[in-house]
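The values are calculated or read from the model by the stated rules, or taken from the named source; none is laboratory data. It should be emphasised that the depicted structure is a prediction, and the values quoted were computed from it without experimental measurement. Cβ placement follows ideal geometry from the backbone for every residue including glycine, while neighbour counts extend to all protein chains displayed. Surface areas here come from the heavy atoms of the whole protein model, side chains and all, with no ligands, DNA or RNA. Shrake-Rupley method; radii C 1.70, N 1.55, O 1.52, S 1.80 Å.
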Amino acid sequence: APDIPVIDQAYSKLSNSITVEWRAVPGATNYMLTAEDGDSFIETIVKNSPGTVTGLKPATLYRITVRSINSGGKSQPSPFRKVKTVLAAPILSVHSPSCDSIAVSWKAVHTAAGFSVSLMRSDGLGRMLKQNTTNTSLIFTNLDPGTLYTIKGYAWNANGMPGDDFTYNQRTSPTAPVDVKVAFNSGALRAVVSWMPTEGALTYSVTVSSGLLKLRCNTSSASCVVPSLQCSSQYYVSVTAYNDAGPSEPTDAVSLKTVPCAPVNISIEEDEPGHLLVSWSSVSLGHYYVVFVKSDDGLEVHCNTSYTQCHFQSDCGFTYFISVFAYNKAGQSPLGDVFNYTTAPCCPSDFRAVFMSSDTVRVTWAPVRGADLYETRAAGGSGVVLCRDTAAACTLSALRCSTPYNITVYSFSEARGSNTSCAPQHVATAPCSPEIKNISKEGVSVISVQWQPNNEEATYVVTARGEAGLWHCTSTRNSCTLMDLPCGSVFSISAIARSPAGQSLPSYSIPLETAPCCPNDLTLAQVTQSVTNISWSVGKGAQTYVTALESPKGQAKCHTLQTYCLLGCITCGTNYTVSLRAISETGLTSSCSYQGYSSSACCPSGVKLYRLRNNGIRVFWRASDETINYKADLHGSKGNFSCTPNSGLSHCDITEIPCGDVYTVVVAPVTDKRPKLTFCPKKIYS
């Protein structure tokens, strides 16, 4: 066997091993290390020095020996050395209780006199923090939020010998997010929550709470959508940041009030005709309400109120569509139920009773909104007459004249029934027809009519009806006079009786003819100095005419079927009276008077022409009357010329006449009102 080795030194750097150093023994191929603690021993074969015995217990005193080995066997154990293993490493429990601190704790280590714990950012930035303590926990504060730190800890014994160390990586928790904003979508009933990203945060959790209800939204971005919110609710929104160290402190809660719910328990009633009362239950978080009322004709009105009822004006026969919305700062409530309300149909208006005959009355009225059917009841006389129809008219027949009836028209609708508040109308039938007894002429265009009265408290109207129109006279007795009947007309005379109830059928008609009319327009035109043409407009009702011109110098007269006549033997410059008689086919005659007529002044005589210098001529004549003014006219192909003498002269000059032309010269009297005479003699001048 080889020699016994000699241990140079033995020491423990780890809590589960001891390292031994010795001098090599010649001829030894292996060495056996033995560690004994009194209860057990552990042997380890090594090739050479140094050698380590592992699997030991920490903080335990061992006796260490070395034996050399070769093919011949084992040597005796070397002198022992007593060596104690170092302390075991404390098992650190690390967490981040806040965003700027890390708490470290561990269990007590056997025979440990104290502990050392160091902390440093894992990225190497900043300085290392180290604390020594005899306790089993400590806290590092004033750290950076959301930052990864490396923590190392070990224990030492009473001699200050450090034991094994324990390393742990821990991140601080993030800070609470800032600038939290909530955007509410009233239409979709959801909220979009956004915030500024937080250093070191991996995820975020949004908590929306209302009482016991909590809604959460987790995300890795800086915003989150919270759906399915409830109307009329107040939520509190907070955001918490998370990383592997845990959560941050939640942000301060942001209040979110959603839109109010749609109002319920809506009731509609017509508290009085023409007034609708809409009421509903109060809605939580509703600040005010808007009621929209739309009629079936498209007109819409609304009411804005903070109370729970609204009054609206309504009309009969309309259908109203009613919806109620609640509002607050978040917006408008969702659409609730849309109610419709149909008012009772209107009572018929424009009631009219038209007498078709003395015993028949046709009742009409204006159609009303909402009415599907009308019922007409007429009470009086011999009983009740009932008429039902969809039309706005009813005919009541076989009635007695001068009899009062109470007529009521009711309107019905399928939606609301009958409007029973319609008032009756008092209607009496028309009076009986009168009978004309006599017609007499009392003057020109004046006719007296007499009849047999057969009604009480009736007004009688006599009508002259013809192509010229209608003429009436009225009386409450048995006669009346028709005035200003037009001439040349044929009339049919009839009479009716009127009362507040209506009028009777007309009596039998009697014909009447008036004298022919005088022509409105009569025109006299002098054809020559001794012949005058008279024409006139047609006189209505006239068949022939007799016209005459009379003066102290004589008379001209003609009788004709035409509307004109030529009268000869007229003296120029003479005043005549004009008369005309219009005669009808039956011999009725009308004498007509017109404005007097003056024949034209006489043409001058002795017209002579004298040539003047400068291509001019002088015109001489003899005047038939010194008070008459004359005018000379020259007409040629190169122009027309005229001259008028000064007062009292019977000649005038026309100068600068183009030469080489043939002119016609006429001298005629000049009057202010008559057209220029064309029948005076003409002279030729070349």
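Before moving on, here are some points about what is shown:
- In region 486-503, the count of residues that are of a type in the set (S, T, Y) and touching a Leu at 6+ places or on another chain (Cβ under 6 Å) is zero.
- Count of region 322-345 residues which are open to solvent by less than 20 Å² (accessible area, probe 1.4 Å), within 21 Å of L276 (Cβ to Cβ) and not in a strand (DSSP E or B): 2
- Test result for A458, among the aliphatic types (A, V, I, L, M) and loosely packed, with under 15 Cβ neighbours inside 10 Å: no
- Among residues of region 527-539 that are free of Cβ contacts under 8 Å to residues at least 40 places away in the same chain, those with a beta-carbon under 6 Å from a residue that is aromatic (F, W, Y) at least six positions away or on a different chain give the pairs S535/Y564.
- Exactly one residue out of S445, S509 is on the phi > 0 side of the Ramachandran plot and either in contact (Cβ under 8 Å) with a residue 24 or more places away in the chain or among the hydroxyl-bearing types (S, T, Y) (or both): that is S445.
- From N438, N454, residue being farther than 30 Å from P519 by Cβ, modelled with pLDDT under 85 and not β-branched (V, I, T): N454
- Residue in region 87-99 that is farther than 30 Å from T147 by Cα and open to solvent by 70 Å² or more (accessible area, probe 1.4 Å) present: no
- Within region 49-68, not a single residue is open to solvent by less than 40 Å² (accessible area, probe 1.4 Å), within 30 Å of E199 (Cβ to Cβ) and assigned to a strand (DSSP E or B).
- Only one of the listed residues (V86, V117) is touching a Gly at 6+ places or on another chain (Cβ under 6 Å), under 28 Å from Y11 (Cβ atoms) and in a strand (DSSP E or B). That residue is V117.
- Subset of region 459-503 that is under 57 Å from the mean Cα position of the chain (by Cα) and outside any strand (DSSP E or B) - its residue that is modelled with the lowest pLDDT: A501
- For region 526-539, the condition of being under 30 Å from T481 (Cα atoms) and of a type in the set (V, I, T) holds for at least one residue.
- Test: residue in region 20-38 that is acidic (D, E), surrounded by fewer than 13 Cβ atoms within 10 Å (Cβ to Cβ) and either out of contact with any strand residue (DSSP E or B) (no Cβ under 9 Å at 6 or more places or on another chain) or closer than 10 Å to I64 by Cβ (or both): no
- Among the residues listed as H302, H275, the single one being more than 30 Å from N218 (Cα to Cα) and either open to solvent by 80 Å² or more (accessible area, probe 1.4 Å) or without any contact (Cβ under 8 Å) to a residue 12 or more places away in the chain (or both): H302
- Sole residue being under 18 Å from G502 (Cβ atoms), of a type in the set (S, T, N, Q) and either at pLDDT below 85 or touching a Pro at 6+ places or on another chain (Cβ under 6 Å) (or both), chosen from T403, T395: T403
- A count restricted to region 241-257 and to residues that are under 46 Å from the mean Cα position of the chain (by Cα), small (G, A, S) and part of a loop (DSSP other than H, G, I, E, B) stands at 1.
- Some residue of region 663-678 being of a type in the set (G, A, S) and closer than 24 Å to V527 by Cβ: yes
- No other residue among A253, A188 is open to solvent by 40 Å² or more (accessible area, probe 1.4 Å), outside the structural domain of S96 (by the TED database) and modelled with pLDDT under 90 apart from A188.
- Candidate set from region 627-644 (those that are part of a strand (DSSP E or B) and either hydroxyl-bearing (S, T, Y) or assigned by the TED database to the domain that holds S489 (or both)); member that is farthest from T574 (Cα to Cα): S642
- Test: residue in region 204-212 that is open to solvent by 40 Å² or more (accessible area, probe 1.4 Å) and not in a loop (DSSP other than H, G, I, E, B): no
- Among the residues of region 1-25, those that are within 24 Å of A155 (Cα to Cα) and not in a strand (DSSP E or B) comprise S15, N16.
- Per the conditions (1) in contact with a Leu (Cβ under 9 Å, 6 or more places away or on another chain); (2) touching a residue at least 12 places away in the same chain (Cβ under 8 Å), the sole criterion not satisfied by E43 is (2).
- All conditions but one from (1) surrounded by 19 or more Cβ atoms within 10 Å (Cβ to Cβ); (2) over 33 Å from the mean Cα position of the chain (by Cα) apply to P263; the one that does not is (2).
- Wholly within region 350-447, strands (runs of 3 or more DSSP E) carrying at least 3 residues that are open to solvent by 40 Å² or more (accessible area, probe 1.4 Å) and over 30 Å from S475 (Cα atoms): 373-380, 383-389
- Of the residues S600, S624, the single one that is open to solvent by 50 Å² or more (accessible area, probe 1.4 Å), over 30 Å from C487 (Cα atoms), in a loop (DSSP other than H, G, I, E, B) and at pLDDT below 90 is S624.
- Annotation note: Cβ proximity below 7 Å between a residue of region 118-139 that is polar (S, T, N, Q) and a residue that is open to solvent by 70 Å² or more (accessible area, probe 1.4 Å) and assigned to a strand (DSSP E or B) (sequence gap 6+ or interchain) occurs for S118/K130; S118/K152; S122/N169.
- Test: D179 is more than 38 Å from the chain's Cα centre (by Cα), assigned to a strand (DSSP E or B) and either in contact (Cβ under 8 Å) with a residue 40 or more places away in the chain or loosely packed, with under 15 Cβ neighbours inside 10 Å (or both): yes
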